[in-house]
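The values are calculated or read from the model by the stated rules, or taken from the named source; none is laboratory data. This structure is a prediction, so every number in the text was calculated from the model and none was measured. Reconstructed Cβ throughout: ideal geometry from the backbone, glycine too, with neighbour counts over all protein chains shown. The accessibility values were calculated without ligands, DNA or RNA, using every heavy atom of the protein model including side chains. Shrake-Rupley method; radii C 1.70, N 1.55, O 1.52, S 1.80 Å.
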Amino acid sequence: MEVLGIDIGGSGIKGAIVNIKTGEIISERHRIKTPEPATPLAVAETIKSMTDFFNWKGVVGCGFPTIISKGTCKAHGNLHADWVGVNAEDLFAKTTGLDFTIINDADAAGLAEINFGAGKDVKGLVIMVTIGTGIGSGAFFNGQLLPNFELGRLFYLDGNIIEKFASDATRKREDLSFKKWGKRFNKFLKHINTILSPDLIILGGGVVEKFDKFKAKIKVKTPILVAKSQNNAGIIGAALATTTR
Ligand code: BGC
């Protein structure tokens, strides 16, 4: 079965058609810049451009970069504050006339990896970490999603949330070398290791394509794997989420 998967991020909105039986992307990947400011109306219009681009008439699965409960945003992450309390499933359905399933973006990426990638058949606690504008996290125990883990929102020593210290956006903004940023990211992973003792950590997001440049700085005992579907995990998992409703 084919589903349109959309991954909404702080800087880009990416979509592709996914075969949810095999977890493969079967179309081109289309990217549109996230509107600024990323208000509900502006994002909904971008979503409509995405469904129009694919001339899509079927169901849509969508990863969203904040806490999602039954389609409603409980926070706004790195998007506009007006998202809090908005039911994104209803909003996008109204704008496009299509049936939407929305889940947290990192939970979506984790679903792809648990079903088809680095986390397949792994027992125990698997943590998916997506590195981008923010730091997203998806937790799975024996393959079962525990929704809305927000590990990027843990507080770091300076009183800011840890994603402000160690995200990929911070690496770019502060023009950090991979060595320097890798050390920061390692601090995040060490903390996760201390408080959760995961059996496996999977890393996703565009920066993992350059894992070779920072892997020497990652010194946690937990096994670390790069997402098999790399930066497409969010799109694939979003499509898969339509089957979990
Ligand atoms: C949000 C998470 C999201 C992550 C990655 C964070 O700012 O709190 O919900 O998964 O960014 O987009």
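State yes or no: is residue 78 within 16 Å of the ligand (Cβ to nearest atom), crowded, with 19+ Cβ neighbours inside 10 Å and polar (S, T, N, Q)? Spelling it out, it is not the case that residue 78 is within 16 Å of the ligand (Cβ to nearest atom), crowded, with 19+ Cβ neighbours inside 10 Å and polar (S, T, N, Q).
Looking only at residues of the stretch 40-69 that are touching a Leu at 6+ places or on another chain (Cβ under 8 Å) and of a type in the set (Ser, Thr, Tyr), we find that the one that is nearest to residue 18 (Cα to Cα) is 51.
With the condition kept exactly as written, say whether any residue in the stretch 222-243 is farther than 29 Å from residue 71 by Cβ, in a loop (DSSP other than H, G, I, E, B) and open to solvent by less than 50 Å² (accessible area, probe 1.4 Å). Yes: the stretch 222-243 contains one or more residues that are farther than 29 Å from residue 71 by Cβ, in a loop (DSSP other than H, G, I, E, B) and open to solvent by less than 50 Å² (accessible area, probe 1.4 Å). A single member of 92, 141, 116, 149 is aromatic (Phe, Trp, Tyr), out of contact with any Ser or Thr (no Cβ under 9 Å at 6 or more places or on another chain) and either within 14 Å of the ligand (Cβ to nearest atom) or modelled with pLDDT of 95 or more (or both), and it is 141. Exactly one residue among 107, 175, 90 is touching a Phe, Trp or Tyr at 6+ places or on another chain (Cβ under 9 Å) and over 21 Å from residue 20 (Cβ atoms), and that residue is 90.
Of note, residue 194 does not satisfy the criterion of being assigned by TED's automatic domain parsing to the domain that holds residue 125, hydroxyl-bearing (Ser, Thr, Tyr) and touching a strand residue (DSSP E or B) at 6+ places or on another chain (Cβ under 7 Å). When the residues of the stretch 119-138 are filtered to those that are open to solvent by 20 Å² or more (accessible area, probe 1.4 Å) and near the ligand (Cβ under 9 Å from one of its atoms), the one that is nearest to residue 18 (Cα to Cα) is 130. Restricting the stretch 3-37 to residues that are part of a loop (DSSP other than H, G, I, E, B) and within 16 Å of residue 62 (Cα to Cα), the residue that is most open to solvent (accessible area, probe 1.4 Å) is 29. Among the helices (runs of 4 or more DSSP H) confined to the stretch 91-196, the ones with at least 2 residues that are without any contact (Cβ under 8 Å) to a residue 12 or more places away in the chain are located at 168-173, 178-196. For the stretch 47-70, the count of residues that are modelled with pLDDT of 95 or more, open to solvent by 10 Å² or more (accessible area, probe 1.4 Å), assigned to a strand (DSSP E or B) and touching a Pro at 6+ places or on another chain (Cβ under 9 Å) is nonzero. Applying the criterion of being touching a Lys or Arg at 6+ places or on another chain (Cβ under 7 Å) and polar (S, T, N, Q) to the residues of the stretch 172-202, the residue that is surrounded by the fewest Cβ atoms within 10 Å (Cβ to Cβ) is 193.
Checking each residue in the stretch 28-65 for being in contact with a Phe, Trp or Tyr (Cβ under 7 Å, 6 or more places away or on another chain) and of a type outside the set (A, V, I, L, M, F, W, C) picks out 30, 40.
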